[in-house]
1. Which of the aspartates and glutamates could a cross-linker span from K487 if the Cα-Cα distance has to be under 17 Å and same-chain partners fewer than 8 positions apart are dropped?
2. On a full-extension model of 0.36 nm per residue, what is the gain between R560 and R386, subtracting their alpha-carbon distance, rounded to one decimal in nm?
3. On the full set of protein chains, 1.4 Å probe, figure out the accessible area of H598 and give it in Å² to the nearest 10.
4. Given a Förster radius of 41 Å and the C-beta distance between A67 and A332 as r, what FRET efficiency does 1/(1 + (r/R0)^6) yield to the nearest 0.05?
5. Compute the FRET efficiency between S478 and T344 as 1/(1 + (r/R0)^6), taking r as their Cβ-Cβ distance and R0 = 41 Å, and round to the nearest 0.05.
6. Rolling a 1.4 angstrom probe over the protein heavy atoms, how many square angstrom per residue are accessible across the chain?
7. Can you give me the distance in nm between label points at A186 and D511, each placed 7 Å from the Cα along the Cα-to-Cβ direction?
8. What's the local net charge at S430, with K and R +1, D and E -1, over the other residues with C-beta under 9 Å away?
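The values are calculated or read from the model by the stated rules, or taken from the named source; none is laboratory data. In this text the structure is predicted, and so the values were computed from the model without any measurement. Here the Cβ positions follow ideal geometry from the backbone for every residue, glycine too, while neighbour counts run over all protein chains shown. Each accessible area value is taken on the protein alone, full model and side chains, heavy atoms only, with ligands, DNA and RNA left out. Shrake-Rupley method; radii C 1.70, N 1.55, O 1.52, S 1.80 Å.
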Amino acid sequence: MADVRSSPTANPAARLSVADRLAEYAAKMPDAIAVACPYRSSPHHHGPRRGLSGAKYATISFTELDASATRLARGLLDWGIEPGARLALLVRPGIDFVTLIFALLRAGAVTALIDPGIGRRNLVRCLADAELDGFIAVSAAQCMRALLRHKFPQAKRNITVGRRWGWAGPTLQQLGERGALADHVALPQTHADDPAAIIFTSGSTGPPKGVLYTHRMFDTQVTEIQSTYSIAAGGVDLSCFPLFALFNSAMGVTTVLPEMDFSRPAAASPLKLLDAAEDWQVTQAFASPAVWKRLSNFCALTGQRINSLRQVFSCGAPVPADVIEATLDCVAPDAKLHTPYGATECLPVATIEAAEILDETSQKTNQGGGICVGRPFESIEWRVVRICDGPIPTIDAAEEMPTGEIGELVVRGPQASPCYVTRKECNALSKIAIDAFGAPIADFGFRNADSNAPTAFRNPNSEIPWHRMGDVGYLDDSGRFWYCGRKSHRVETADGTLYTECVEAVFNAHDDVERTALVGVGPRGRQAPVLIVEPTRAMCRRHGSEWSPGEYQGLLHELRALSLRHPSTRQIAHFLLHQSLPVDVRHNAKIFREQLTHWAARRLPELR
């Protein structure tokens, strides 16, 4: 692994912007298509270009994207946006979204990005917590901002993408026109540790937190993804993660945004995904396991394939082996499937290829050994330390666990965020100072204490802090990390600790089980482990949607017998059926175990 302290981008004074990579490809391949999206979502851009399926696409070349981003950046600066200003970007995925991302980077502004799938209440709370200087948003979002203006008192700079309904500020078109007349405006020089974005976590294990992204982080992500997976310019990516368009454009790869609700990928239409893949002969694709499961099931039924697809990436949640096999069956015969591992606070961390999973690690996973997420990226340094629910003041205070023993994963690298800028109280529990002489991580921030003026972020240590992933697991003899679950989800009984991924994998292998959730009822240290079971749809169809103890007694009897065969599951004596486990809307995989703990406690009052 590379020493992160010797990395060229580790110098906070170094000039750096991932937007410079776009300019390079605009010069090298000026006429190549940078972004393509459904025409009706960007009707004012070039097009329509009609695909073989009959679908119409709006497109923009690398040269046009580079020029448009520069024009908008100058318009922002000429209008009074200062480097460091925080602007929420609430725009539908498409050409405008990608262009504005690069424009904000070039203007030195800080882009606040929030997944609308987190729900309206969380969305408003996150936007209020971010202390925004303005909104770049579609008309409906600007209307929400105007109605709730008391929650955003600093948001004075607002740009409307679409029609303006009475509030102040220019439209996106007017901003572009202003920028076209502002050739005299010089673009600022951004540096490695200058803030570039605030990206919010999903909130699946607590309130969403605003993660500070620096220019160094974005640049490192592009470097690591491109080099690790040998991604060459000229490829075409079917992108079910809109932000990945930033990385694609910085790698010379065409981004094809399919027609789908990106906040609910599990509901994506397989037919529309296949049409986009065929129309553009995509060579790679990024999507969540929920998308690959839906798409591969459809292909298995219809016999359709994506023969051009040779690089498959599944991100956001663990991928079951059967989904990997089904996905590989519907792409090019020589295709490789990768499952990068990481978190909003540090991405990417590790990676593993499908062949290694299917040939070796999945068997151990099914026996309760956890999920192997692979080896670290070149720039990542990691350790597994003893589990601790309180702060870890210095890395020297953390006890490193021997190979094979479960602990908490801590990581650092130039792609690791230095801090949260909302929910700042979480910094003390999530970050570790480099040594005993470093400033407290909770004091990090990038607004002056004496004013609200935005300033550049600087790490007082001139070092990259360690980030606590909140994941527990162990390292094996090959240097791979085996994920055993979230630290907050472990169940501590009087007889030892149980980990969700180790327990659930044993039962998830049952033919009549869709998925399971391990929860603990009672006080920590004396928790009673309860397994909550969601039967497959096929079983529900056989027995009806209303639970009947007699009809499902056979399944529960088999699961109890199965629990006795494995050391990690023998403690489980309580099993409950649940028609549909609550999961996140984005990946349809992250189970809301906190909700299920309360649900189980109400049904088993004797355990409380």
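1. Leaving aside aspartates and glutamates fewer than 8 places away in the same chain, those within reach of K487 are E345, D389, E399, E400, E405, E408, D471, E501, E504, E594.
2. Working: separation 174, 0.36 × 174 = 62.64 nm, distance 3.14 nm.
Working it through step by step, the gained length comes to 59.5 nm.
3. Roughly 120 Å² of H598 is accessible to a 1.4 Å probe.
4. Step by step, r from the Cβ atoms, then E = 0.70.
5. Given R0 = 41 Å and the Cβ-Cβ separation, E is 0.90.
6. 41
7. In this crude label model, A186 to D511 measures out at 7.3 nm.
8. On the way: positive: K209, K431, R468; negative: E345.
So the surrounding residues net to +2.
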